[in-house]
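All of the numbers you see were taken from the coordinates with simple rules; none came from a lab. All values reported here derive from a predicted model rather than from experimental measurement. Here the Cβ is made from the backbone with ideal geometry for all residues, glycine too, and neighbour counts use every protein chain on show.
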Amino acid sequence: MNLFGTFGISASALSAERLRLDTIASNLANAHTTRTPEGGPYKRRNVVLEAQDMDSDFAATLDAVNQRGAHQGVAVVDVVEDQSPPRTVFDPGHPDADAQGRVAYPNVDPISEMVDLMAATRAYEANVQAVNATKRLAEAALAIGG
């Protein structure tokens, strides 16, 4: 595998983690949104990721390292809505209250969103470090050859 393959793997992870961060930010921003264009409260969204084979040539397919999954990046498959029910709060003065005075709020838990945000941030930082290490390796190889 060449250095560009390493950059490609890290780039796929950076892109996926950025989408996770955007989705988490959207969840936090809409934690109190009781009315959406589709009707009802906002529904929490999750990013679905899967391994992506980064090698496309026949020789790389036969490579034993590739069979162990070492040449795999990540791809975003979908962004799905969480199907758990909304939380309801008794607030008869709210404009979106039903006949019993209950308001349906989004199924977003700010604490678990913050935990997910920290995990996505750490994963993004780790991939930036991998890009930087690969860059240093390429510079060292050029210095040896020059």
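For the chain, the relative contact order is 32 percent, taking Cα pairs closer than 8 Å that sit 6 or more residues apart in sequence and dividing their mean separation by the residue count. Using Cβ point charges alone (K and R +1, D and E -1), the dipole size of the chain about the Cα centre works out to roughly 300 debye. Angle of helix 110-145 to the longest C-alpha principal axis of the chain, folded into 0 to 90 degrees and rounded to 10: 10°.
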